[in-house]
1. Residue by residue through the range 20-57, note down the ones that are at pLDDT 75 or above, in contact with a strand residue (DSSP E or B) (Cβ under 7 Å, 6 or more places away or on another chain) and farther than 29 Å from residue 426 by Cα.
2. Which members of the range 98-113 meet the condition of being part of a loop (DSSP other than H, G, I, E, B) and surrounded by 20 or more Cβ atoms within 10 Å (Cβ to Cβ)?
3. Against the condition surrounded by 14 or more Cβ atoms within 10 Å (Cβ to Cβ) and more than 30 Å from residue 78 (Cα to Cα), how does residue 129 come out, does it pass?
4. Can you find, within the range 344-359, the residue that is nearest to the chain's Cα centre (by Cα) among those that are within 16 Å of residue 276 (Cβ to Cβ) and crowded, with 18+ Cβ neighbours inside 10 Å?
5. Would you list the strands (runs of 3 or more DSSP E) that sit entirely within the range 388-462 and hold 1 or more residues that are in contact with a helix residue (DSSP H, G or I) (Cβ under 7 Å, 6 or more places away or on another chain)?
6. Does residue 184 satisfy the criteria of being in contact (Cβ under 8 Å) with a residue 40 or more places away in the chain, within 16 Å of residue 93 (Cα to Cα) and out of contact with any helix residue (DSSP H, G or I) (no Cβ under 8 Å at 6 or more places or on another chain)?
7. Is it true that residue 204 is crowded, with 16+ Cβ neighbours inside 10 Å and either closer than 30 Å to residue 418 by Cα or within 27 Å of the chain's Cα centre (by Cα) (or both)?
8. Hey, can you tell me all the residues within the range 164-180 that are modelled with pLDDT of 85 or more and surrounded by 18 or more Cβ atoms within 10 Å (Cβ to Cβ)?
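The values are calculated or read from the model by the stated rules, or taken from the named source; none is laboratory data. Every value quoted in this text rests on a predicted model; they were computed, and no experiment measured them. Cβ placement follows ideal geometry from the backbone for every residue including glycine, while neighbour counts extend to all protein chains displayed.
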């Protein structure tokens, strides 16, 4: 029996048994997730003291008040309880009778246990779920607005404080363990208002040994492309410019020309070159429809390559994947495993490209995140987007994009996209299931006072030659031109203005250079650094405000430039970011949908960002929260060609697996660096042989708060069955 059939059956049984919403205003439950209780978070997996604690508790699995509404009663005054149905099939760990209580939620056990008990309670309208039996004191939300699950058969209180026996040592059979882990037990949650209006929702609760806590989070696949009619070329087409055949797509295509054929894979051809960028790929401009506030989006990209030397990291082209709101608000991952073979132009005061090589990062990290070279076992990469919920968002589709992102000279292979899925899931919140990893708040300098847990602000910046001709590598300057500057971010400290990101009011480099600046937020010691773990989803929140205009009918008045908010990890080889564009190739925000969207989303006096908090605002400035999401790269789905089961282990992730984890006082390739970045366009942009005048743009915003949280990753359906045995 499928979950959907069971849930429908149970809901129907309850509705016939006397629960009604025909009078009054009974509570309404929405989006209650299925739950998986694991023990991996509490295990010590290696080294001295390695222990399998077998502690099956899922803390803060969901928030009661966000899962229910009632027109007549405040969410906090609603009364929660639950019942446990029979296991199906062979029965679960409680035995064939299925009358054994298995779960606790916030210390409370089920009010009815087993199908027979639930059926017997139906004629009385489930009185134990309603007043006077159910009171604020014995409601599941009596002491917390968050639901914490414990499997008391797997982790009984009699063995507190642990460690607990293994499930096998308890005598659970393999069939029972499989039932608990893969099917789970149906659990009905009841919600009553004080007048006795009652409703319910049924979920499945699984218990799985040596797994992470997880919840379904209502991931809904919207479109799954296994054939690619309608996709079109994107990126910078080198070949069309100079005939150097080092970058192209197959099937042959040009931008703004959607495919009329229906290929089962898309190719991005990259050939070895010298001192050139090779950025070309595919996008689906139709995408999927924006569904309104309260949803995040995930793209799942299945990728392999055909390089002749797949074990040589820098011969495999890097790539970038995005889900984006029409190119105005981007959720992106740049995956650049190769870090040697950099060459490019130079000049007095400029960066030497070979000096940017990082050979140590390739064997330590890069080789474990490059795509598969086995067509039947492509690597699965995930990218997430928190869309901007501004008014114009309803006009912008959520689009998937993949492009080669190759800068290393030896890169010489074709990247293949074989499947792409875009879906949505419920937006995460700061408290529900999230573990805080880094906190910054305006009012004190980083490294002091309330921000003493952080290092002092680390700021950097450079200029880039104002030339975007496809294939051309720009000259990079770490010293400004005459009368110009690098626009380094500054920490306002006790002045209470946060971290000030500003490319400058007067800057001669605006004319012919890009100006790029960044500020880093890092915890003070290696032992406190945020670090990757498998099975996790990272969510960085940045509160950014500005007094600069985000839109203008003038080409000469400054408006906000591009803002990028990043999480960089895997020894710098993987960068996830949200980027909000404001000025790219548009004229005075007139009639351009992406400029309209960007103008509403960017921080500035004309911002329409609805996600605000007065505690972090500054006088005369507008903006709000912006979110960057990172699904952990420590995911066996990237290494399916090495381990068909997709297991994260030393065998699949080698040196990267052995890099120091959370709490170890040593530098690690798993460190997560939190960054605020900006990028201005030159007024005179060189593209091919033309000079294109750009509108006046300046990067100017204040970061008044930063939060980084770690969550259990969502259940997005996992690896596609198209590639499983």
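1. Matches in the range 20-57: none.
2. Across the range 98-113, the qualifying residues are 98, 102, 110, 111.
3. Criteria not met by residue 129.
4. The qualifying residue nearest to the chain's Cα centre (by Cα) is 353.
5. 413-426, 435-441
6. Answer is yes for this residue.
7. Criteria met by residue 204.
8. If the condition is that a residue be modelled with pLDDT of 85 or more and surrounded by 18 or more Cβ atoms within 10 Å (Cβ to Cβ), then 164, 167, 172, 176, 177, 180 are the ones that fit.
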